[in-house]
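Notes for the one structure printed next.
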Amino acid sequence: MSFDLVFFGGTGDLTWRKLMPALFQAFRHGKLPGGARILAVARDEQSDDQYRDWLRERFKEVEGAKRPSQEEFERFAALVFYRRMDLSQAEHYGHLKQWLAERPEEPADTVVFYLATSPHLFTQICEQLGAAGLNHERVRVVLEKPLGHDLKSAQQINRVVRSVFDEAQAFRIDHYLGKPSVQNLMALRFGNAFFEPLWRRESIANIQITLAESLGVGTRGPFYDGTGALRDMIQNHALQLLTMLAMEPPASNDADAIRDEKLKVLRALKPFTPETVARDVVRGQYRAGNADGKAVPAYLDEGKVPADSRTETFVALRTEIQNWRWAGVPFYLRTGKRLAARDAQIVVNFRQVPHAIFPGKPRANRLIIKLQPEDGLELQLLAAKGSAHGETLAPVSLDLDFDKAFAANRVGAYERLLLDAIAGRLNLFVRSDEQEQAWRWVEPILDAWAREEEGPRPYTAGSWGPAAASALVAREGFTWPEEV
Ligand code: BG6
């Protein structure tokens, strides 16, 4: 199957940091069919060769084993082309159309437009693509997050996208859905019989989702300051993980069967009020500290961040899902920059046994779904340790390392999602109604914060965030995983 993949924002960070390296991996794994073209467009005037040289330099930053050799890069670069384009000019879309038609062989089976630009250009690009007739059934459009800034702007983008494309042509990306561990979550829940009967309020005490980063905002200050952790990580990545954890078994593995179930979870999330935001949501902002053994500056001293910024770099919150399966079970979501470690994981804390017959403090079972840096599953059980004074219990772990077990088949998130978009598989992409519902749920938090006098709580870079985040779980007798 032949395809043309067009990157709008062809010289942007996302393109060279994530998309091109992911495509290179797909190329290396033999997944790009013959006749594939990768077409980058951006504002600068440059030739194909200049663009390839620029890309070659950028690829030097790709980590070790994933970096191409000289010879591999040359073969990959032969698929890459560049054109200058002013995205506000209708005639430039005409040129793009012509360029797409100029193929050595027949027209591509599929044309994928990847919008790796600032989201304020999305509506303009989609409208212009439509006006140029570049919305026929062989076309797909990939929209990178953030999609909008709030419910209204997300609805506006979705309205335009829908007026130009069918929903089945729109691929809203959330790269967390492409992570192998997230697909494993589906496999764990719906490919095995023994978790399902336990996957409910009767057996589960609470669920904790942590998406922690040790990095600061680096050079992304201007973008990040207008965004903050709630919009950057909770509205999308953390909520998507929550839907995958909590949804009812879908009737099939079809995209809409899955997305219908995910939407129901989002609709069942307990709405926030100003009182519950004050009680159940903690926001923080990092102060100077240490990360990976080095002194690092405060958020307010990062490049291009206003000195009086109230943007949060940390959020921890408690929510509930109001349905029969989950009523009353706390779901804790937490994310932050400049935390003690890069660590993304989901911890399912099971309830204690109803009656203890062994001495010592009773402990409960835990299932840890590790997203990164490792990708795996750990089930913590209790076993008899044996002692002269009678049986005592000790925790033991069933520790599955998927990176090792499936090393040959591991595919990175962007590689997986790019290949899915090319093949037209929508399962791991977000539908517009899901996304709007997620905005609807986070908006009361944004509104309450805007009215609050105090800003985010300070925390030291390299810590696990403000103490109030520990208090949030401690209130109900729980702890975060690093405090166990
Ligand atoms: C992006 C956010 O969506 O996800 C970034 O905009 C964040 O701020 C990144 O750093 C984290 O992704 P990953 O895959 O490195 O956990």
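The values are calculated or read from the model by the stated rules, or taken from the named source; none is laboratory data. Since we're looking at a predicted model, the values are computed, not measured. Here the Cβ is made from the backbone with ideal geometry for all residues, glycine too, and neighbour counts use every protein chain on show. Surface areas here come from the heavy atoms of the whole protein model, side chains and all, with no ligands, DNA or RNA. Shrake-Rupley method; radii C 1.70, N 1.55, O 1.52, S 1.80 Å.
Here is a yes/no grid of residues against (1) at pLDDT below 95; (2) surrounded by fewer than 12 Cβ atoms within 10 Å (Cβ to Cβ); (3) within 28 Å of the chain's Cα centre (by Cα):
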position: GLU61; (1), (2), (3): yes, yes, yes
position: LYS66; (1), (2), (3): yes, no, yes
position: TYR82; (1), (2), (3): no, no, no
position: LEU87; (1), (2), (3): no, no, yes
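Assigned to a loop (DSSP other than H, G, I, E, B), touching a residue at least 12 places away in the same chain (Cβ under 8 Å) and open to solvent by less than 50 Å² (accessible area, probe 1.4 Å): which single residue out of VAL411, VAL442, VAL473 fits that description? After ruling out the rest, the residue left standing is VAL411. Summed over the stretch 331-348, the residues that are open to solvent by less than 10 Å² (accessible area, probe 1.4 Å), away from the ligand (no atom under 11 Å from the Cβ) and not aromatic (Phe, Trp, Tyr) give a count of 6.
So, in the stretch 212-223, of the ones that are out of contact with any Asp or Glu (no Cβ under 7 Å at 6 or more places or on another chain) and within 11 Å of the ligand (Cβ to nearest atom), which residue ends up most open to solvent (accessible area, probe 1.4 Å)? Of everything passing the filter in the stretch 212-223, LEU215 is most open to solvent (accessible area, probe 1.4 Å). Listed by position, the helices (runs of 4 or more DSSP H) enclosed by the stretch 68-145 that each have at least 1 residues that are out of contact with any His (no Cβ under 7 Å at 6 or more places or on another chain), under 17 Å from GLY12 (Cβ atoms) and more than 16 Å from the ligand (Cβ to nearest atom) are 122-131. For GLN235, state whether it is open to solvent by 10 Å² or more (accessible area, probe 1.4 Å), under 17 Å from ILE369 (Cβ atoms) and either acidic (Asp, Glu) or within 16 Å of the ligand (Cβ to nearest atom) (or both). When the stated conditions are applied, GLN235 does not pass them.
To keep it simple, each residue is scored yes or no on (1) more than 24 Å from the chain's Cα centre (by Cα); (2) closer than 30 Å to GLY360 by Cβ; (3) modelled with pLDDT under 85.
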residue: LYS385; (1), (2), (3): yes, yes, yes
residue: ALA388; (1), (2), (3): yes, yes, yes
residue: VAL396; (1), (2), (3): yes, yes, no
residue: ASP403; (1), (2), (3): no, no, yes
residue: ASN409; (1), (2), (3): no, no, yes
residue: TYR414; (1), (2), (3): no, no, no
residue: LEU418; (1), (2), (3): no, no, no
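Given the condition free of Cβ contacts under 8 Å to residues at least 60 places away in the same chain and in a loop (DSSP other than H, G, I, E, B), answer yes or no: does some residue in the stretch 16-29 qualify? No.
There is at least one residue in the stretch 186-195 that is open to solvent by less than 10 Å² (accessible area, probe 1.4 Å) and at pLDDT 95 or above. Among the criteria (1) of a type in the set (D, E, K, R); (2) more than 16 Å from the ligand (Cβ to nearest atom); (3) open to solvent by 60 Å² or more (accessible area, probe 1.4 Å), the one GLU261 does not fulfil is (3).
Filtering the stretch 349-369 to residues that are part of a loop (DSSP other than H, G, I, E, B) and open to solvent by less than 40 Å² (accessible area, probe 1.4 Å) leaves only ALA364. Criterion applied to GLY284, GLY293 was being modelled with pLDDT under 95 and more than 24 Å from TRP326 (Cα to Cα), and the one residue passing it is GLY293.
Restricting attention to the stretch 414-439, the residues that are surrounded by 17 or more Cβ atoms within 10 Å (Cβ to Cβ), outside any helix (DSSP H, G or I) and charged (D, E, K, R) total 1. Pairs meeting the criteria (first residue in the stretch 370-387 and within 16 Å of the ligand (Cβ to nearest atom) and open to solvent by 70 Å² or more (accessible area, probe 1.4 Å), second residue assigned to a loop (DSSP other than H, G, I, E, B) and among the charged types (D, E, K, R), beta carbons under 7 Å, at least 6 apart or on different chains) are PRO373/ARG342.
Taken together, the criteria exclude ASN290 from residues that are under 22 Å from the mean Cα position of the chain (by Cα), farther than 17 Å from VAL315 by Cβ and open to solvent by 20 Å² or more (accessible area, probe 1.4 Å). When GLN169 is tested against the conditions (1) within 14 Å of the ligand (Cβ to nearest atom); (2) free of Cβ contacts under 8 Å to residues at least 40 places away in the same chain, the lone failure is (1).
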